[in-house]
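Any read-out appearing in this document is the output of simple, stated calculations on the displayed coordinates, not a laboratory observation. Worth saying up front: this structure is predicted, and the values here are computed from it rather than measured. Cβ placement follows ideal geometry from the backbone for every residue including glycine, while neighbour counts extend to all protein chains displayed.
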Amino acid sequence: MIGIMGIKTKLAAEDFFAARKRLLQMHFDSGVGHIGGNLSALDAMLIVFHEYLGAEDKFVLSKGHSAGALYTALWSLGRLQDQDLKLFHKDNTLLAGHPPAKGVADIPFATGSLGHGLSLAAGTALAFQLKGNGAQVFCLTSDGEWQEGSTWEALIFACHHRLSNLTVLVDHNNLQGFGSTSEVASMSPLWDRLKGFDAYLQIIDGHNPDAIRAALEGESQRLRIIILRTVKGHGVSFMENRMEWHYLPLSEAQFKMAIEEIEGSHKC
Amino acid sequence: MRKQLCDALVARATKSEMVFLTGDLGFMALEPLQETLGQRFINAGVAEQNMVSVAAGLARQGFEVWVYSIAPFCYARPFEQIRNDITFHNLPVKLIGNGGGYGYGVMGPTHHAIEDYGVLLTLPDMSVFVPVFDEDMEAVIARAGASSRPAYIRMGRGEPPNGYTVPAYAPWRQLTCGSGPVVIAVGPLAGTYIDAFEQLPVEYRPNFWVVTELPIEQNPLPTELANQIEKSSSLCVAEEHVRHGGFGSDLLLYLAEKNIAVRRFRHLYARAHHFERYGSQNFLRRQSALDVDSMLAILKNFSTPEGSQHD
């Protein structure tokens, strides 16, 4: 596989730490929340963007509220610059709270309303199949997003059309906007619901880079679904598995504490 | 119009980038298109939200995408997908809704589409086509297909009088001439008035126009029509669409901005999604006072000095 920059770059541990710090810095500078779900999704996004996404491939962020992780991944590739990130969530920015419709070439669709991304990715994958160009599509959904009926419509379509060039990553962090996914609308475990479909289903540790890589290298004769078992707020202990970090911005003291923890864990 | 639609799309299917999506509809009508397009004819199933977003995904990669369903299933169910995925990205997806207005008649209000173009024209860069006669479909498909905008085609059934010679397609067409008021109708409804208007004495016969392309911003009034309105100052608009967001209000805004005064204005429109009883399209038109007798009563009223101010 060739990465988006044309060179396969296997990420090292320090790359994940650096991206996590930059994500927190960006959110702190802008006073913006939605941090927990960014931290749960960031590791897989970094691996896809650096190690698997070719020049013709597309990545669709269906859970648009993790735009911060998307911007950070593009920053880590040099596709966005520090000056872009400094404007995140501010007036006259390209980087809105959810992925923009125009202005960033690596972002194919404005998302943010849940339940659209998988269909958009399926249409893109079908286009690539009709063209016969061999390009791949990656789509990252949340776990709460599977409460949207349109996501199931998209799954039925993608399986029926055997979109083997489409990989669905599910950021399964167990928490949504106002409760845990099992409390709000239990399908727990989601993978049992998905097992009935004609797709290649894998359930992995969403923060283990080698497990993510192995899953992305797996069978590709059918639609590929990878359940990333993740931790909301991953890497910052006071955020982990806490629903409030779906929304809250960081205070200065919390930001310093979070950075110290990341730097400390990196040194270990 | 479905046969003419199919013929026009089959003729277009030589374009390798053309893809057609249907929401499980088209039995006994679209089989020739299915055969011609092969794998580029996709029955997306009973899943309109997904179908519209898939269409956006295909269009983003350069395909010319047509989406077909019964009208309300084409725009009402997947409205957010049209808004976010098609129009926010200005993708030229063409939505084809069959049975616009009260076209599905006694099938009931779930199948009617009387707020369709008003709703869709709130979206950025959207174009609407309301073909009047079956013969219009070829030109409508060609014009919609050539446009870089997203578009909605409201299909009905052509209703010209017996023996009528259908005029060549144009976005605006004058169907009768006289010294009476100006009447403008949207789409196939126009055909139901032609015969009655032609039988009126010339001094009462309206200058009767039909419009096929909306909004006015994209399809301004012909100068001749604007002059007729200015001269007559009596204007009636008929449309099988609810009052809010319809062509009538768009037209009045346009005329106000152009400083064209209208002293007497009457609007015939779809008055309700459902009434006390169900019935055919013509029954529902009568319930809404869109039928020819209601139209003639308006014209008669226009002909009196105090006329329409009190009815």
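Structure above, values below:
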quantity: Projected label distance in nm at B:Thr304 and B:Arg263, using a 7 Å step from Cα toward the beta-carbon; calculated: 1.7 nm
quantity: Kirkwood Rh and Cα Rg combined as Rg over Rh, evaluated for chain A; calculated: 0.94
quantity: Inter-centroid distance (Cα atoms) of the stretch B:216-246 relative to the stretch A:118-141, Å; calculated: 45 Å
quantity: Nearest 10 degrees, 0 to 90: helix A:67-76 Cα axis against chain A principal axis; calculated: 80 degrees
quantity: For the stretch B:261-268, Karplus couplings with θ = phi - 60° (6.51, -1.76, 1.60), whole Hz, Gly/Pro x; calculated: 7, 10, 7, 10, 10, 10, 10, 9
quantity: Hits among aspartates and glutamates - C-alpha to C-alpha of B:Lys258 under 15 Å, sequence gap 8 or more where chains match; calculated: B:Glu217, B:Glu224, B:Glu230, B:Asp250
quantity: Per-residue [θ]222 nm for chain B (sum of -39500 (n - 2.57) over DSSP H runs n ≥ 4, rounded to 500); calculated: -9000 deg cm²/dmol
quantity: Rounded tilt (10° steps) of B:223-232 against the dominant C-alpha axis of chain B; calculated: 30 degrees
quantity: The stretch B:2-154 - Kirkwood radius from inverse mean 1/r over Cα pairs (Å); calculated: 15.1 Å
quantity: Chain B: most fluctuating residue of B:Phe63, B:Phe27, B:Phe275 per GNM, C-alpha cutoff 10 Å; calculated: B:Phe27
quantity: Order by protection proxy (mean Cβ within 10 Å, highest first), peptides A:90-98, B:76-84; calculated: B:76-84, A:90-98
quantity: Ratio of the Cα radius of gyration of the protein assembly as shown to 2.2 N^0.38 Å, where N counts its residues; calculated: 1.14
quantity: Filter on A:Lys90/A:Lys232; A:Lys102/A:Lys131; A:Lys58/B:Lys3; A:Lys102/A:Lys256 - keep pairs with C-alpha separation over 29 Å; calculated: A:Lys58/B:Lys3; A:Lys102/A:Lys256
quantity: Amide H partners (placed H, <5 Å) of A:Val60, local residues excluded; calculated: A:Phe138, A:Cys139, A:Leu140
quantity: Alpha-carbon Debye profile of the stretch B:172-309, log10 I(q)/I(0) at 0.19, 0.22 Å⁻¹; calculated: -1.14, -1.50
quantity: Distant-in-sequence amide H partners of B:Ile96 (H built 1.01 Å from N, under 5 Å); calculated: B:Val67, B:Tyr68, B:Ser69, B:Ile153
quantity: Full-stretch length increase - B:Leu253, B:Tyr164 - with 0.36 nm per residue and alpha-carbon distance subtracted; calculated: 28.7 nm
